[in-house]
1. Whole angstrom only: what separates the Cα centroid of region 471-518 from the Cα centroid of region 231-248?
2. For His240 and Asp861 in the same chain, what is the full-extension length gain: residue separation times 0.36 nm, less their Cα-Cα distance, in nm?
3. What is the fewest-to-most order of Thr157, Thr190, Thr396 by other Cβ atoms lying within 10 Å of their Cβ?
4. Among DSSP bridges having both ends in region 512-621, what percentage is antiparallel? Round to the nearest 5.
5. PRE reach from His73 (point 7 Å along Cα→Cβ): which of region 122-139 fall under 14 Å by backbone N?
6. For the residues Glu302, Glu595, what sequence is obtained by ranking on other C-beta atoms within 10 Å, fewest first?
7. First select every other residue whose beta carbon is under 14 angstrom from the beta carbon of Lys313; then total the charges, Lys and Arg +1, Asp and Glu -1.
8. Principal axis lengths of region 2-256 from Cα atoms, whole Å, largest first?
Amino acid sequence: MAGRLVLSIYQWAGSLLETSRSPLDETVNVVEGIRLPGKVKPVEYDLVIQTDLKLRRFSGAEIVSIETIEPTHIVKFHAGCNLDIDLLRICLTNQKCWSIEVDEYQRDCDARTLTIDTRGHHTFQPKDKFNLMTRWKSDISDATSGYILSPDIGFTTPGFSAVTRFEPVDARNAFPCFDEPSPKSKWTMTMISRNETVNLANMDSRSEISLFKESHISILESSLVLGLPLDGSWKSTRFHTTPLMSPNNVAWGNGRFNKLDSSYFSKLRKETIPTAVHVNYVEVSGHRWLLQIMTRVTPLYENLFDLAYPLPKLFWMVTPAFDGGIEHWGLISGNSEQTDWYEGKGEASKHSIASHVSHEVAHQWFANIVTMVWWDDLWLNEAFASYAADCLMGPTILPDFDTWIYFNDKRVEASMAFDATTSHPIVVPIVDEAQLSTAFDTITYDKGASVLRMIAQVVGEDSFLKGVSNYLKKFSYGNAVGHDLWEEVGLVVKGFDVAAFADAWTKQAGFPVVHVEKLGNHTYHLTQERYLVKGLEKGKRNNQIWPIPLFIESSDHAGLPMMTTRTMDVFASDVEQLVFNRGRLGYFRVQYNDEANSWMRQHFISRSSQLTGVDRAAYLNDVAAFAQPGRTKTVEVLDLLQYLSGETDVGVWSGAMRFLLNLESLFWEQSEKDKDALRGFARSVLADTYAEIGLFAGANETATTGKIRQLILPVAGRARIPGLVDECIRLLRIIYEGEIGHSGVSVPVLPVTTIAAVIETAVRFGGKQEQDVAMLLWNRDRRGRLAKVTLRALGQTQDIAFIRRLLKMLDDGSLVDNTQSLVTSLFSMVDNPTARRQAVDWALHNLDMVLAQADDLSRLDIIKGLFSSLSSEEDVGVIQKALKRFPVSQESLTPIYEAIEVSESWVNRDGKEIAQWLEQQQNRTVT
C-alpha cells in the first residue's frame, strides 16, 4: 500500500504535520437507513494508533484507499462523535488534494456517520480511485465496546491495558471506517505505545523500533508523535498487511500482557503455525487449557474443511473488560472467567471452556475467511460455530463427556424456551442498530445451531460437511449469504431441496409441536401446530407448516419419514410404541395422547432400555414445557421427579433442576408455607443423590458425576438439604482464610461451581458473620477468581436488612465500580425471591445508570435479566413505561412481557393445585 500511496502522502504531508486545528464537531441529525450508500468502497487501510495508557487516551491517523462504484460527489463513512477529528483530506490519483472544510461535511452522532460533499472540488466517476486521510484523538472508553480499558489483574501496581471489541458496529468508535461487513478491505496496522508495554494485532509484527528523534518513521507515524519525548521511551510496532477482512474483525491490544506459547503443524500448509495466549494478568497458568484446546482444534478444523488456516499466527487475548468472546481473525479475545481452568475446577468447567474455545476458533473459517454480506445472515456464522464446537469438536477432544447431552440441554432447550414466545425467525432483516441486538440472541446461536444439526442429520453429516467445505473454498476472502451454503450442500446431496427445507426453518418464527395420537392397528395420527406458551388471540389461527423429520426407528420405514402437511398417519407394526424425535435431533416438541404418554411415563420411570438417556431427558423437558401454558398439569411433572433417586443421566437432572428452579421463581410471591413445602419436596427429590455424591469429588470421579453435582448443588442449597448448610458455613471460613493466606489452613480444592454453591448457601442461611466474610472476600479482590462468585452470593441473602444495605451500597457506589459488577449484583438479587421486588424497584428507579454503559448487544440482555421473572400484569405496564425512552426495539421486548404474563397465568391456574399436592406429599412423608 505504501508504494501506491507515496505521491499522495507527499502532497498532504505539510498540512498533516501542522499544529492541529479545532476538532470537526459540526453535527446534524440526518435520518437515513442504517446502510451506507455503496457508491464508493474501501480497498485498503493504512492505520496507525498511538495509545497512552497513563492518560487513558489514544490518537489515530489513517489513509483509506477508495474506489468509486457509481458517480457521486458524496463520501459517507462511519465515525463516532467521540472521535475528535482534526484533519480530513482527500487526494486524487492525479495528485490533486484538498482539505475538507467545515461546510463540506456533516456528522450524525446517532448513526455515528460522517458525510463529505465534494461537489465544490470533484465528482467521482466509476473506477475513480482516491485516498481519504484522517486524524483524530479520543479517550480510551470505560464501556464494553470500542477501544476499551482492561483492568490489569494481580500486578503490584494497579493499572490498565486497552483492548478492542468492535462487533458488530463499534469499530467506528475507534477509527473512521466503512463499518459494514461487506465489502472487505486489506489493513496495514502500526501501533505507537510506551516502550514497556506489549502491542498485539491481527497479524504478526514485521518490525518494532524504539522512537528517537532520528528514527525513520512514516508520515502517519510522525503525525502522532508530536509532543512525545522521542528518547526511546516510546516505540512503534508495525504489523504485516492482513488478507481481505471486515472492519469489525480488526483487533489490537496494548498493555501489560504476559503470555503462554505453543504451535501446531499444518499438514495443508506444511509449516508450523505459532499459537499463544496473552493475558493482562500476573498469573497465566490457568489458561494452559485454553491454549491446549486452541492448538488442538485448529488443525482439526483444517482437516474438516480441507482448507488451511491462512494467517501466520493465532493468538488469544484474555481480558476482564467484557463478557463472552470475539473471533477477531488471528487475535481472538475473550473474558478470563470463560477460559481460566486449573486442577480442581472440575471436568464440567473444562468442557465448557473447550466448547467456548472451539466456537471462537471455528469462526476463523465461518465468519473470517467467509463473512456474511449483511448482519441478517450473522446467524449462520454463530450457529455454525456453536454446532461445530459441540457436535464436531466436542466428541473428538472430550470423548468421555457426552457433548450431545450438553448440546440438547444448552442449545435446544434454551432456544425453545425463548422461541415459544412471540419470537423472531432465525433470519431477520436488519434495518437499524436497535435490531442488531436481536441478532445476537439465543435464536441466532442456539436455535440456529440446532437447525444446522437437524439439516446435517437429514442430508447426512458427511454430505453436509462436504458442502460446507465447498462453500468455504468458493467464497474465501469474500462475503456470502445463507442461500450460498444451501446451494453448495444441495449440489452434494442431489434429489433433496436443501434450500427449501432450510428456509422453512430459518425464515419463519417459532417451531412446531407434534401431537401423537396412538390409534389401533399400529397406527399413529400426527398433527403439527406452532408451539406457543401464550397461545393465540381469540379468533386467530396459526397456519404455519414445517417439514418435520420424524426421526423414528421402525423397519416399516426404510428412509426418514418427513411430515410436510398439517396431519399425517404413520404405521409401524414392529415396535411396541413409536418414539418420535429420537435423539432429540429434530427441533420440535412431541406431545403424546393419554395411551402413548402412559407408555412413555412408565419407561421414563423404569429407565427402560427402550428409551435412551437423551430420549428420557427430551420427554421430561417436553412435559415440563407443556405445564407452563397448561397443556399438562404441573403436578404431573412433579410426580415424575419423585423417581429420580439413582438417576445417572445429566440431561434428565438438568431438566429436573431447571423445572424446580422455575417453580421456585414462580412461587416468589406465594405464602411462606407454600414456599417451604416446595423446598421440602426438592429435599426429597435430591436427598439420596446428594448423600451418594456429596460436596467433594471422589477419586477417579467421572465427568458425568461432576456435572450432576454441579446441577444439583444450587438447588440442594436452596432446599436446605440436612447437613449441607452447616458444611457450607464451615467451608466459607476456610475458603476465606485460604484466600488471605492464613497459615495452617488446609483449603480443599473445589470446582468454582461448588465454591459458588458453598458461598451462596452460607450467605443465604447463615447470619451476619457469613455476610461479613463474604463481603470481605468481595472487597479483598474485586477482579480475582472468586470475585463474581462472591458478589453473586451476597445477593442471595434472606436477610431483608442486608438486602437494603446492599442496595444502599449500590446507591453510593461502594459495592461495585463498573457496569458488569452492577448487573451481576442486581441479577443475583432478582434471582433471589426474597430480594426480587426491592431489586426491581431499585433498578427501575436507577434505570438510566444501569443502562448507561450498556452497548446495544448487552442492553436487551440486562432488561431481560431484570424483569422477565416478574409475574403480574401491573409490572408489565410499569416496565413498558420505564423503557420507552431507551433505544431498544419494542419488538424485542415482547417476549419479556409475554414471559411475565405467562407466569401470572401459570400461577393463577395451577398455584393452588400445586400447593395442595405439595402438602399431600409432606403429610405422606410425615406419616
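Derivation of every value follows stated rules applied to the coordinates shown; laboratory data play no part. Values in this document were obtained by computation on a predicted structure and should not be read as measured data. No Cβ is skipped: glycine too gets one built from the backbone with ideal geometry, and neighbour counts run over all protein chains shown.
1. 39 Å
2. On the way: separation 621, 0.36 × 621 = 223.56 nm, distance 3.77 nm.
219.8 nm is the gain from fully extending His240 to Asp861.
3. Numbers: Thr157 6, Thr190 25, Thr396 13.
Ascending Cβ contact count within 10 Å gives the list Thr157, Thr396, Thr190.
4. Roughly 80 percent of the DSSP beta bridges within region 512-621 come out antiparallel.
5. Counting only backbone N, you get 122-125.
6. Working: Glu302 20, Glu595 12.
Neighbour counts put them in this order, fewest first: Glu595, Glu302.
7. Numbers: positive: Arg206, Lys259, Arg269; negative: Asp204, Asp261, Glu271.
Around Lys313, the surrounding residues sum to 0.
8. Extents along the principal axes: 58, 39, 36 Å.
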